[in-house]
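Below is one structure. I have some questions about it.
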Amino acid sequence: MHFHDDSLFPENQEKLVITAAPYGPEWELDDFREDLPLTMDEHVQAAVDCYNAGATVLHIHVRELDGKGSKRLSKFNELLGRLREAVPDMILQVGGSISFAPEGEGADAKWLSDDTRHMLAELDPKPDQVTIAINTNQMNIVELMTDADIAGTSFTRPEVYEAYREMVVPAGPAWVEEHLKRLQAAGIQPHFQLANIAQLETVERLIRRGVYTGPLMVTWVGIGGGFDGPNPYNMMEFIRRVPDGAVLTLETLMRSCLPVNTMAIAMGLHARCGNEDTLWGRLGHKMTSVEQVEQLVRIAGELGREVATGKEAREIYRLDERYADADETLAKNGFAPNRKPGQVGFTHHA
């Protein structure tokens with residue numbers, strides 16, 4: 001992305017889109033019962049409260065009444081139907097993992113099978129987005145967690161800690177291409193959750209080959225453990241490599257969330273918060289998802305950057321746009337064009 005001399009002036013930036021992730025599927029209910037929803041009513045109320053606080057994208061997971069992450073598409077359908085009524089302007093983004101919570105004591109933390117994940121394209125009512133991982137990757141979410149981060153939570157149990165330490169994201173090339181095909185056919189926008197520049201380059205190749213033909217929605221997930229860590233050098237190099245036409249959100253975990261989100265807001269990018277990313281505000285003090293949204297709204301206000309309404313967020317996300325071919329997709333997203341036969345030297349759009 002290019003930054004001109006006036007790029008940090010809020011009047012030259014898009015309005016801020018805040019993603020709320022208030023369903024924390026990795027946590028057990030007693031880890032923060034005041035904020036982790038259990039019943040369907042609580043799931044819906046969490047969305048309403050986050051929307052009223054200023055979030056316009058909702059990252060969705062669902063719990064069963066036993067407190068475990070649901071793997072039933074019927075539960076997602078039920079929640080999506082109720083959310084369409086409760087928060088009609090909110091962008092509904094289903095977490096493409098469905099649920100990675102361990103199923104029992106000492107069980108591995110896993111994504112569901114490829115075939116089951118493909119069924120996210122058949123959700124009814126359909127979500128606006130489904131997140132998609134690129135390239136099978138280690139996802140050791142505890143690598144950067146401190147003793148203070150896990151104090152008093154289920155992660156202090158060795159079997160839970162070990163399950164998440166060894167977690168892997170399955171996202172091989174055949175699955176990715178088929179999943180993109182199905183999501184696009186269903187009119188659902190993919191939201192690329194990317195761990196590093198190597199994954200961004202794979203997305204670019206998918207676009208150059210015509211596998212994906214739509215707006216580029218990207219979240220940089222700086223959580224360590226096989227992903228980039230929340231190091232400003234990692235973050236800035238990733239930002240530099242993202243094309244100007246993309247919409248970029250920054251995500252990290254635990255007490256790195258606030259400083260990374262503050263940098264995102266200042267640079268004209270977009271922010272994500274909620275109990276899926278962190279339970280904490282200041283050291284030793286828990287903070288609800290709604291309080292986290294409210295905090296980002298205050299920071300944006302201090303910087304003079306307006307927060308997008310639901311309608312404005314939908315315009316920024318270009319949810320209804322699809323492009324004719326690779327050439328149009330490259331141009332709309334700000335990539336250099338594909339090289340023409342016989343063309344030498346550097347390429348650029350006229």
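Can you find a residue that is at pLDDT 95 or above, in contact with a helix residue (DSSP H, G or I) (Cβ under 6 Å, 6 or more places away or on another chain) and farther than 29 Å from GLU11 by Cα anywhere in region 305-319?
no
Assess whether ALA55 counts as being modelled with pLDDT of 95 or more, under 17 Å from the mean Cα position of the chain (by Cα), in a loop (DSSP other than H, G, I, E, B) and not basic (Lys, Arg).
So ALA55 fits the description; yes.
Answer yes or no as to whether LEU200 is within 20 Å of the chain's Cα centre (by Cα) and open to solvent by less than 40 Å² (accessible area, probe 1.4 Å).
When the stated conditions are applied, LEU200 passes them.
Among the residues that make up region 205-223, is at least one of them part of a helix (DSSP H, G or I) and hydrophobic (A, V, I, L, M, F, W, C)?
Yes, because at least one residue in region 205-223 is part of a helix (DSSP H, G or I) and hydrophobic (A, V, I, L, M, F, W, C).
Is it fair to say LEU38 is without any contact (Cβ under 8 Å) to a residue 60 or more places away in the chain and of a type in the set (A, V, I, L, M, F, W, C)?
Criteria met by LEU38.
List every residue pair whose Cβ atoms sit under 6 Å apart, with the two residues 6 or more apart in sequence or on different chains, where the first one lies in region 5-29 and is more than 20 Å from GLN295 (Cα to Cα) and the second, anywhere, is open to solvent by 10 Å² or more (accessible area, probe 1.4 Å) and polar (S, T, N, Q).
Here the result reads ASP6/ASN12, each pair linking region 5-29 to a residue that is open to solvent by 10 Å² or more (accessible area, probe 1.4 Å) and polar (S, T, N, Q).
Check GLN193, GLN184 and return the single one that is open to solvent by 10 Å² or more (accessible area, probe 1.4 Å), assigned to a strand (DSSP E or B) and in contact (Cβ under 8 Å) with a residue 24 or more places away in the chain.
After applying the criteria, what remains is GLN193.
Out of the residues in region 227-248 meeting the condition of being buried (at least 16 other Cβ atoms within 10 Å of the Cβ) and among the aromatic types (Phe, Trp, Tyr), tell me which one is nearest to LYS15 (Cα to Cα).
PHE238
Report yes if some residue within region 280-287 is out of contact with any helix residue (DSSP H, G or I) (no Cβ under 8 Å at 6 or more places or on another chain), open to solvent by 10 Å² or more (accessible area, probe 1.4 Å) and closer than 22 Å to LYS332 by Cβ; otherwise report no.
No, every residue in region 280-287 fails to be out of contact with any helix residue (DSSP H, G or I) (no Cβ under 8 Å at 6 or more places or on another chain), open to solvent by 10 Å² or more (accessible area, probe 1.4 Å) and closer than 22 Å to LYS332 by Cβ.
Any residue at all in region 65-84 that is in contact with a strand residue (DSSP E or B) (Cβ under 8 Å, 6 or more places away or on another chain), open to solvent by less than 60 Å² (accessible area, probe 1.4 Å), assigned to a loop (DSSP other than H, G, I, E, B) and modelled with pLDDT of 95 or more?
no
A follow-up question, please. Give just the number: which of (1) over 18 Å from the mean Cα position of the chain (by Cα); (2) assigned to a helix (DSSP H, G or I); (3) modelled with pLDDT of 95 or more does VAL176 not satisfy?
Among (1) over 18 Å from the mean Cα position of the chain (by Cα); (2) assigned to a helix (DSSP H, G or I); (3) modelled with pLDDT of 95 or more, the lone unmet condition for VAL176 is (1).
May I pose another question? Determine whether ALA266 is without any contact (Cβ under 8 Å) to a residue 12 or more places away in the chain, open to solvent by 30 Å² or more (accessible area, probe 1.4 Å), over 25 Å from TYR23 (Cβ atoms) and of a type outside the set (D, E, K, R).
no
Just one of (1) open to solvent by less than 40 Å² (accessible area, probe 1.4 Å); (2) modelled with pLDDT of 95 or more; (3) in a helix (DSSP H, G or I) trips up ALA163, so point out which.
(2)
Something else about it: Taking the condition of being over 30 Å from ARG209 (Cα atoms) and crowded, with 19+ Cβ neighbours inside 10 Å, how many residues in region 306-326 meet it?
Here the count works out to 2.
Under 7 Å by Cβ, and 6 or more places apart or on different chains, what pairs join a residue from region 145-164 that is among the aliphatic types (A, V, I, L, M) with one that is in a helix (DSSP H, G or I) and open to solvent by 40 Å² or more (accessible area, probe 1.4 Å)?
ILE150/THR156
Another one. Looking at region 2-43 only, could you name the residues that are farther than 23 Å from HIS59 by Cβ and either under 23 Å from the mean Cα position of the chain (by Cα) or assigned to a helix (DSSP H, G or I) (or both)?
Passing the criteria: HIS2, PRO10, GLU11, ASN12.
The values are calculated or read from the model by the stated rules, or taken from the named source; none is laboratory data. Bear in mind the structure is a predicted one, so any value in this text is a computation, not a measurement. Positions of Cβ are generated from backbone atoms using ideal geometry, with glycine treated the same way; all protein chains shown enter the neighbour counts. Heavy atoms of the whole protein, side chains included, go into the accessibility calculation; ligands, DNA and RNA do not. Shrake-Rupley method; radii C 1.70, N 1.55, O 1.52, S 1.80 Å.
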